[in-house]
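Chemist: First the structure, which I've put down as structure tokens, then a few questions once you've had a look.
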Amino acid sequence: MQIIGAVLERCGAPAPFATSRPVTIGPLELDPPGPGEILVRIEAAGVCHSDLSVVDGTRARPVPMLLGHEAAGIVEAAGADAGVAVGGRVVMTFLPRCGRCDACRTDGRLPCSVGGAANAAGVLVGGGVRLRRDGAAVHHHLGVSAFATHAVVSAASAVPVDGDVPPDIAALLGCAVLTGGGAVINAGRPGTGDTVAVVGLGGVGMAALLVARALGHKVIGVDTVPAKLELARELGAAATHTPAGAADAELRAPVVIEAAGSARAFETACAITAPGGTTVTVGLPHPDARASIAPLTLTAEARTVVGSYLGSAVPGRDIPRYVELWRSGRLPLDRLVSDRIGLADLPEALDRLAAGAALRQLVVF
Ligand SMILES: [Zn+2]
Ligand SMILES: [Zn+2]
């Protein structure tokens, strides 16, 4: 079938992308779903830092690539043995899980090695691509490629949700909430009454804040951008600081989530972790980034540093938990949506994200 989608032509184009135009929006051919795959009509797709990282070249991927990995939509067709009901809504996730490899047996601590290899190659876990343009292959982004009217994904990339979960909310569950929430519940594991500090208040950091609040924890937000600190307070943070302000206030928290993806943020997160506490790093800095911390503080203060790749998530296990929290009214995920845009506005949306001027912008169809 013919679809309309947003294809990244080259990695590393200079910002602003509204001017350098590395993304082309136009028609593509989409193959029907193969065995274990589904065809999804996309309803909403979030613009995430992991899209921006491919566009700006921080995480180079094979191009041309149809971007977008945080999305929700309606299943329109299913291949053999897909095990997903046609007509229902699914959340699509960036982390296909085969359920059979050694990594899949680590309860979410390691991402599926089969899914990871497929993501790196820009193909589906079933092998190859389902996207073509003028007969030439177009790669999939993280097994989803949701900046398009339709997508074919592996059923291992999709989690069904009930129809009462609106598309905007469902989309956010696929990346921001899975990652930020997972950093709290899977990796940080705060005890009853523990304060949670979040360093880096973008989409993932704010999702961590909301999930920690929903579970009854006091939350402290840390960011360099005053507007984000203000929003964090609106979303329930008990206090907010700039990194320098946190140091001046001698802030220490038993669980600290670093969600900024920078070495300086990691250093801040380590510096404000209390004795006996846990620093969770869930951000994805540039591979060449280096941080400086005093190892003695880890020893003398009996502290733990946990790397949480993609929130240590098992989507099929975690997403229903977030849906329950949302349904109970304790997880106001609608507050994460800063803009709703059309597909044609994607380059400008990437520029807003790069400038730190947006939380979650949703492409709606
Ligand atoms: Zn993402
Ligand atoms: Zn696996």
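Chemist: Could you tell me which residue of region 154-192 is surrounded by the fewest Cβ atoms within 10 Å (Cβ to Cβ), considering only residues that are closer than 12 Å to Pro320 by Cα and within 16 Å of ligand 1 (Cβ to nearest atom)?
Modeler: In this case the residue turns out to be Val159.
Chemist: Scan region 122-129 and give yes if some residue there is within 16 Å of ligand 2 (Cβ to nearest atom) and in a helix (DSSP H, G or I), otherwise no.
Modeler: No, every residue in region 122-129 fails to be within 16 Å of ligand 2 (Cβ to nearest atom) and in a helix (DSSP H, G or I).
Chemist: On to the next question. Please verify whether region 101-121 includes one or more residues that are surrounded by fewer than 24 Cβ atoms within 10 Å (Cβ to Cβ), more than 16 Å from ligand 1 (Cβ to nearest atom) and part of a strand (DSSP E or B).
Modeler: Among the residues of region 101-121, not one is surrounded by fewer than 24 Cβ atoms within 10 Å (Cβ to Cβ), more than 16 Å from ligand 1 (Cβ to nearest atom) and part of a strand (DSSP E or B), which makes the answer no.
Chemist: Looking at (1) within 16 Å of ligand 2 (Cβ to nearest atom); (2) not assigned by TED's automatic domain parsing to the domain that holds Leu359, which one does Pro226 not meet, given that it meets all the others?
Modeler: (1)
Chemist: Same structure, new question: Can you pull out the residues in region 1-53 that are charged (D, E, K, R), within 17 Å of His139 (Cα to Cα) and surrounded by fewer than 22 Cβ atoms within 10 Å (Cβ to Cβ)?
Modeler: Scanning region 1-53 gives Glu9, Arg10, Glu29, Asp31.
Chemist: Okay, next question. Checking the structure you have, find out if any residue of region 298-318 is of a type in the set (A, V, I, L, M, F, W, C) and surrounded by fewer than 13 Cβ atoms within 10 Å (Cβ to Cβ).
Modeler: Within region 298-318, one or more residues are of a type in the set (A, V, I, L, M, F, W, C) and surrounded by fewer than 13 Cβ atoms within 10 Å (Cβ to Cβ).
Chemist: Could you give every pair whose Cβ atoms fall below 8 Å, whose first residue belongs to region 59-73 and is more than 10 Å from ligand 1 (Cβ to nearest atom), and whose second residue is of a type in the set (Lys, Arg), counting only separations of at least 6 or pairs across chains?
Modeler: Qualifying pairs under 8 Å: Val63/Arg10; Pro64/Arg133; Ala72/Arg89; Gly73/Arg41; Gly73/Arg89.
Chemist: Restricting the first residue to region 125-146 and requiring it to be not assigned by TED's automatic domain parsing to the domain that holds Val90, which pairs with a second residue that is small (Gly, Ala, Ser) meet a Cβ separation below 6 Å and a spacing of at least six or different chains?
Modeler: none
Chemist: Tell me the helices (runs of 4 or more DSSP H) entirely within region 273-365 that contain at least 2 residues that are closer than 30 Å to Gly99 by Cα.
Modeler: 315-327
Chemist: Then there is this: Considering (1) of a type in the set (A, V, I, L, M); (2) touching a helix residue (DSSP H, G or I) at 6+ places or on another chain (Cβ under 7 Å); (3) outside the structural domain of Leu359 (by TED's automatic domain parsing), say which one Ala171 fails and leave the rest.
Modeler: (2)
Chemist: Being free of Cβ contacts under 8 Å to residues at least 24 places away in the same chain, more than 6 Å from ligand 2 (Cβ to nearest atom) and not polar (S, T, N, Q) is the filter here; which residues of region 101-117 pass it?
Modeler: Asp102, Arg105, Gly116, Ala117
Chemist: From Asp81, Asp51, grab the single residue that is within 15 Å of ligand 1 (Cβ to nearest atom) and of a type in the set (D, E, K, R).
Modeler: Asp51
Chemist: Need pairs with beta-carbon distance below 8 Å; first residue closer than 17 Å to Gly236 by Cβ and within region 330-342, second modelled with pLDDT of 95 or more and in a loop (DSSP other than H, G, I, E, B); sequence gap 6+ or separate chains.
Modeler: Pairs that qualify, where the first residue is closer than 17 Å to Gly236 by Cβ and the partner is modelled with pLDDT of 95 or more and in a loop (DSSP other than H, G, I, E, B), are Pro332/Leu235; Arg335/Leu235.
Chemist: If you don't mind, another one. For region 193-239, enumerate the residues that are among the charged types (D, E, K, R) and buried (at least 22 other Cβ atoms within 10 Å of the Cβ).
Modeler: Of everything in region 193-239, just one residue is among the charged types (D, E, K, R) and buried (at least 22 other Cβ atoms within 10 Å of the Cβ), namely Asp223.
The values are calculated or read from the model by the stated rules, or taken from the named source; none is laboratory data. Because the structure is predicted, anything quoted here is derived from the model rather than measured. Counting neighbours? That spans all protein chains shown, and the Cβs are built from the backbone with ideal geometry, glycine included.
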